[in-house]
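No value in this document is a laboratory result; all are computed from the given coordinates. Since we're looking at a predicted model, the values are computed, not measured. Methodologically, a virtual Cβ is constructed for each residue, glycine included, from the backbone with ideal geometry; neighbour enumeration extends over all protein chains shown.
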Amino acid sequence: MAETLDKVYDPPSIEKKWYKFWEKAGLFQARADGSRPPYCIVIPPPNITGSLHMGHALNNTLQDILIRFKRMQGFDALWMPGTDHAGIATQNVVERMLAQEGKDRHSLGREAFVERVWQWKEQSGGQIITQLKRLGCSCDWSRERFTMDAGLSRAVREVFVRLYEEGLIYKGDYIINWCPRCQTALADLEVEHEPKDGHLYYIKYPLVGQEGAVTVATTRPETLLGDTAVAVHPDDPRYLAYHGACLRLPVLGRKIPLITDPHVAPEFGTGALKVTPAHDFHDFEIARRQGLPAVKVLDEQGVMTEEAGKYQGLDRFTCREKILKDLKSDGLLEKVERYAHSVGQCYRCRTIVEPMISKQWFVATKSLAEPALDAVRQGRLRLIPDSWENSFFDWMTNIRDWCISRQIWWGHRIPAWTCPQCQQVIVAREDPQACPACGGNDLHQETDVLDTWFSSALWPFSTLGWPETTPELKLFYPTSVLVTAFDILFFWVARMMMMGIHTMGEVPFREVYIHALVRDPEGQKMSKSKGNIVDPLELMDRFGTDAFRFSLAAFAAMGRDIRLSEERLAGYRNFANKVWNACRFTLMNLGDYDAALPDEQPLTVAESWILSRLQQVSADTVKTLDAYDFDQAAHVLYQFIWHEFCDWYLELIKPQLSPAAAPEARRHCQGILLKVLNSILRLLHPFMPFITEEIWHKLPNTQGSIMVSPFPQPDPALNNPHAEREISLLMNTITAIRNMRSEMNVPPATLVDILIFAQEALPLEILKRHTQAITLLARVQEVRFQPDSGPPAAAAKSVVLLPEGGSVDLVMPLTGIIDFREEERRLNREMDKLSRDLAQAQRKLANDDFLAKAPPDVVEKEKERLQAFTEKLTKLKSHQKRIREFVR
RNA sequence: GGGCGGAUAGCUCAGUUGGGAGAGCAUCGGCCUUACAAGCCGGGGGUCAGAGGUUCGAAUCCUCUUCCGCCUACCA
């Protein structure tokens with residue numbers, strides 16, 4: 001006896017159960033033995049500080065769909081999971097905790113602080129992993145990695161040393177972005193520019209030894225304390241007379257030169273630029289070109305240094321106010337304009353960053369970027385959609401050296417030591433005991449740690465065991481695809497490409513699928529400050545994980561932002577319930593089904609049709625998933641399962657399935673139904689893993705897990721255009737009758753008679769075969785074919801066009817049923833529409849150019865259309881005439 | 001400043017080599033028809049942002065305009 005199901009699908013009751021089942025059975029684990037073709041995705045490692053947000057949910061759902069799909073297709077599918085130590089973010093979290101205890105990291109000391117972070121990581125760092133499991137992610141957890149575990153740390157060190165030895169890592173004094181709050185250098189990318197309403201201050205720099213002054217414009221007046229020149233464009237006529245002159249720096253009184261530099265834009269402000277080499281990127285470059293000194297007036301806390309004279313010790317913004325006041329009283333503040341400009345902020349804490357000269361470590365990126373550019377240009381690595389290529393090329397071509405040192409404690413400490421005796425710098429794989437140059441043994445290790453993105457740049461090969469040559473590395477590198485949102489294309493993807501190609505000699509992945517960002521229903525980016533965060537866990541609770549995943553897939557059209565809509569989530573929850581009930585129906589009708597008994601029965605037309613459609617849907621699903629058209633795949637499945645399988649196939653087979661049917665026919669029908677349902681579940685499984693597994697186990701003749709059952713293969717032999725045409729005619733006929741009934745306000749309880757007329761014999765034969773379906777599905781009492789009496793005058797009429805030409809007339813006698821006026825209105829509506837289509841076709845065919853230049857098949861098609869429209873219109877017209885006569 | 005994307009039904013969006021405008025939700029009408037009211041059946045609703053061009057034919061290709069996003073950039 002088959003099992004039964006509850007009436008409504010209840011997700012929470014089964015989701016946990018099946019995840020445990022899969023994990024316990026080891027079904028997530030890749031074999032890595034070469035017995036199957038490899039397929040590998042490395043997860044974009046979530047930060048250990050993170051908890052699952054919409055972006056993760058989308059990103060990981062898509063990856064899981066791909067991995068489950070490929071696993072079922074017979075690949076040795078490895079989804080490599082892990083987490084990122086997230087240097088600054090994590091340090092900030094732990095520092096905030098310390099602050100609540102009234103402590104700070106300095107009072108703890110470096111070692112104790114790092115220990116504390118590890119403790120925190122052990123306690124709360126795994127939260128997001130639990131949440132990924134909740135989402136159903138089939139990662140190979142037995143291989144889970146962490147960017148600071150022993151193996152990955154070794155990889156980091158190895159790469160660092162190699163790049164240093166190759167001269168691609170260097171240390172030097174350069175201008176960098178500094179976050180005064182995090183107290184660390186930031187890479188250019190880690191600075192977010194935000195438009196701010198500010199002011200442009202016009203400040204007079206008096207000339208030395210002559211009358212007058214040169215006025216400069218600036219948004220940051222406090223930096224004038226660090227000015228070492230004023231620059232003008234060499235050809236600017238206003239300043240030709242002053243070339244070579246000296247100016248007196250306001251407030252401090254220092255003498256600075258007026259220099260010329262072609263980079264100054266004469267049209268901006270006054271055309272005179274104050275040069276602050278220590279605190280401005282542009283000025284830094286000018287100073288290097290012209291050999292100007294740099295004066296550092298801001299320190300690492302954003303406080304004025306002693307170079308700032310009487311302003312020493314002031315906060316940078318307090319200093320700004322003070323200086324403005326002083327300038328005013330000195331009569332040197334010419335004017336102030338409102339000015340909107342963009343201000344750089346720390347991407348972690350949103351503090352305004354300060355450009356600053358500092359000794360930092362850099363990766364020379366030019367020679368690394370070139371091979372990555374080539375890989376994309378030559379198609380060895382595909383960006384999907386390729387609209388991202390432009391941005392990628394642009395960024396990689398103009399890339400600047402990457403500042404990789406951070407002045408924080410949590411991260412990979414830079415493996416460099418300095419000998420205080422002889423200043424020798426040692427960069428080594430193993431901690432050195434003594435200075436190789438002078439033998440001194442009091443070596444000082446670099447206190448800086450590496451940018452968090454340095455270790456994640458190695459992720460695709462470090463997680464597979466590099467620098468060891470593991471079987472995994474051999475088998476799975478290059479990985480198959482990277483799935484990521486575009487916001488970390490440069491942070492992460494580009495750097496993985498550079499590091500992967502340089503270290504491994506081969507791209508880290510063959511394809512990068514770049515998906516959209518999830519926004520709120522108003523299209524706003526979700527952020528804590530806006531308070532518009534939607535919690536994916538809550539949505540899973542409310543709609544079920546399967547419906548949630550299916551929704552994300554259905555939303556994931558390429559190259560577009562995703563707006564979250566609860567209405568659609570509810571729609572896909574209903575879809576899950578529909579699937580559930582289709583299975584419930586199946587199980588209810590299985591009764592005494594015994595698969596062991598032979599089935600000699602031929603396929604019915606409805607069966608041939610559904611099998612034909614099923615195989616097309618399999619083909620479409622494979623095709624769209626391979627092309628990352630997740631929304632298409634979801635749509636195809638939704639449409640087929642609901643509107644073909646449920647709406648028509650299940651309805652059509654009901655008579656054959658009933659206990660009244662012949663036992664052999666019934667058993668045969670059960671067998672095919674099971675087969676189709678089984679395939680549907682497997683097609684759906686990558687999207688909806690839980691419900692499909694649950695049902696799978698309720699079906700007879702299934703074993704093991706659906707997770708490792710084969711994905712339905714398209715089978716062209718099952719393609720059956722004949723059956724499709726036949727069922728299509730039947731569906732059109734039933735729909736036309738339903739339509740007539742509904743438009744004529746015939747209540748469902750009233751059975752009607754239908755007369756069917758046609759010129760050709762074939763459509764009549766076909767419909768005769770399906771008389772039972774017509775009576776049941778269109779609520780018809782009696783169907784009569786070509787009765788000798790002909791169509792009665794008092795009747796409603798509908799014309800079904802046949803794709804191969806010709807038509808079928810459906811006549812519904814209206815004795816005592818139909819309102820003639822209603823029928824006339826209905827006819828008018830239909831004929832209006834028809835006339836418009838007809839006129840359009842006539843216009844086209846009257847055009848000689850169209851006949852001469854359009855492809856023959858298009859012309860032919862148009863002719864057929866015209867004929868069909870004409871035929872239908874003629875019939876409806878004569879019917880209309882009869883109705884009118886009858887009414888009179 | 002440079003680049004990219006979007007503007008299609010009331011809402012959210014599909015529409016991939018240019019050839020009969022689609023889906024889901026919403027709406028309206030009718031149904032508790034024994035899998036499902038989270039359901040069934042049927043209907044209405046669109047100068048495909050605007051203008052021009054290419055073409056026999058444009059939502060689709062080209063140009064321009066308007067209005068929204070986003071990315072990127074050292075005009076202080």
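Rounded to the nearest 0.05, the FRET efficiency derived from the C-beta distance between A:T771 and A:A25 at R0 = 60 Å is 0.75. Dimensions of chain A from C-alpha coordinates, computed as largest minus smallest value along each principal axis and given longest first, are 120, 64, 54 Å.
Once the Kirkwood radius over Cα pairs is known for region A:167-294, the Stokes-Einstein relation at 37 °C and 0.692 mPa s delivers a diffusion coefficient of 206 µm²/s.
Could you tell me what percent of the DSSP beta bridges with both partners in chain A are antiparallel, to the nearest 5? Spell out each step's value before the answer.
Numbers: 65 of 92 bridges.
Looking only at bridges with both residues in chain A, the antiparallel portion is about 70 percent.
Take every Cα pair under 8 Å whose residues are at least 6 apart in sequence, average their separation, divide by the length of region A:266-324, and the relative contact order is 18 percent.
Every Cα-Cα pair in region A:1-138 was counted, and those over 27 Å apart are 41% of them.
For region A:684-796, what class follows from the C-alpha gyration tensor (a ≥ b ≥ c being the square roots of its eigenvalues): rounded when a/c is under 1.5, otherwise prolate if a/b is larger than b/c, else oblate?
Values: a/c = 3.65, a/b = 2.16, b/c = 1.69.
It is prolate, given that a/c is not under 1.5 and a/b is the larger ratio.
Computed from label points 7 Å out along Cα-Cβ, the spacing between A:S329 and A:R254 is 2.2 nm. Length gained on full extension, A:E651 to A:K196, computed as 0.36 nm times the residue gap minus the Cα-Cα distance: 157.4 nm. Pairs of Cα atoms nearer than 8 Å and 6+ residues apart set the relative contact order; for region A:706-862 it is 22 percent.
Compared with the dominant Cα axis of chain A, that is its longest principal axis, helix A:820-846 is turned about 60°.
If R₀ is 45 angstrom, what is the calculated FRET efficiency for the pair A:D394 and A:Q786, using the beta carbon separation as r and rounding to 0.05? Kindly include the intermediate steps, with their values, before the conclusion.
Working: r = 71 Å, r/R0 = 1.59.
E(calc), rounded to 0.05, equals 0.05.
Computed from Cα atoms, the angle from the helix A:689-698 axis to the main principal axis of chain A rounds to 40 degrees.
Between A:H635 and A:R836, the modelled label-to-label distance comes to 2.3 nm, taking each label 7 Å out from Cα in the direction of the beta carbon. Once the chain from A:D10 to A:T702 is taken as fully extended at 0.36 nm per residue, the excess over their C-alpha distance is 246.9 nm. For chain A, averaging the sequence separation of C-alpha pairs within contact (under 8 Å, six or more residues apart) and dividing by the residue count gives a relative contact order of 12 percent. Residues whose amide H comes within less than 5 Å of that of A:L802, counting only those at least five positions distant or on another chain, are A:S807, A:V808 (H built at 1.01 Å from N in the peptide plane). Amide H contacts of A:A556 (H built 1.01 Å from N, in plane; Pro and chain starts excluded): A:D631 sit under 5 Å, all sequence-distant by 5 or more or on other chains. A helix-only calculation puts chain A at -13500 deg cm²/dmol for mean residue ellipticity at 222 nm, using -39500 (n - 2.57) for each DSSP H run of at least four residues, averaged over all residues. Helix A:316-329 and the longest principal axis of the Cα set of chain A meet at an angle near 60°.
Applied to region A:101-112, the Karplus parametrisation 6.51 cos²θ - 1.76 cosθ + 1.60 on θ = phi - 60° returns per-residue 3J(HN,Hα) values of 8, x, 10, 9, 5, 5, 5, 7, x, 4, 4, 5 Hz, with x for Gly and Pro. Scanning residues 5 or more positions from A:L590 or on other chains, none has an amide H under 5 Å from its amide H, with H placed 1.01 Å from N in the peptide plane.
Work out the FRET efficiency for A:K863 and A:E300 from their Cβ-Cβ distance, taking R0 = 60 Å, and round it to the nearest 0.05. If you can, show how the numbers build up before the last one.
Working: r = 81 Å, r/R0 = 1.36.
Rounded to the nearest 0.05, the efficiency is 0.15.
Given A:K70/A:K654; A:K196/A:K322; A:K654/A:K863; A:K474/A:K525, which pairs have Cα atoms separated by over 29 Å? The pairs that break the limit, which is 29 Å between Cα atoms, are A:K70/A:K654; A:K654/A:K863; A:K474/A:K525.
The phi torsions of region A:566-580, fed into the Karplus equation with coefficients 6.51, -1.76 and 1.60 and a -60° offset, translate into couplings of 5, 4, 5, 4, 4, x, 7, 5, 4, 5, 4, 5, 5, 4, 4 Hz, rounded to whole numbers, with Gly and Pro shown as x. One decimal place: the segment A:A717-A:D235 gains 165.6 nm when fully extended, by the rule 0.36 nm per residue minus the C-alpha distance. Net charge dipole, region A:127-195: roughly 440 debye, given to the nearest 20, about the Cα centre with Cβ charges of +1 for Lys and Arg and -1 for Asp and Glu. Within a straight-line Cα-Cα reach of under 17 Å, A:K872 can be paired with the following aspartates and glutamates, leaving aside sequence neighbours fewer than 8 residues apart in one chain: A:E760, A:E804, A:D809, A:E823, A:E824, A:E830, A:D832, A:D837, A:E862, A:E864.
Between A:Y339 and A:M97, the simple spin-label model (points 7 angstrom out along Cα→Cβ) gives 4.5 nm. Comparing A:H56, A:A662, A:V297 along the charge dipole axis of chain A, the residue lying farthest to the positive side is A:A662, per the Cβ-charge model.
Phi-derived couplings, Karplus 6.51 cos²θ - 1.76 cosθ + 1.60 at θ = phi - 60°, listed residue by residue for region A:865-876: 4, 4, 5, 5, 4, 4, 4, 5, 5, 4, 4, 5 Hz, with x used for Gly and Pro.
Using a cut-off of 20 Å between Cα atoms, the listed pairs A:K274/A:K366; A:K833/A:K875; A:K20/A:K675 include A:K274/A:K366; A:K20/A:K675 as exceeding that distance. Under a model in which nothing but the beta-carbon of Lys, Arg (+1) and Asp, Glu (-1) is charged, chain A shows a dipole of about 1360 debye around its Cα centre.
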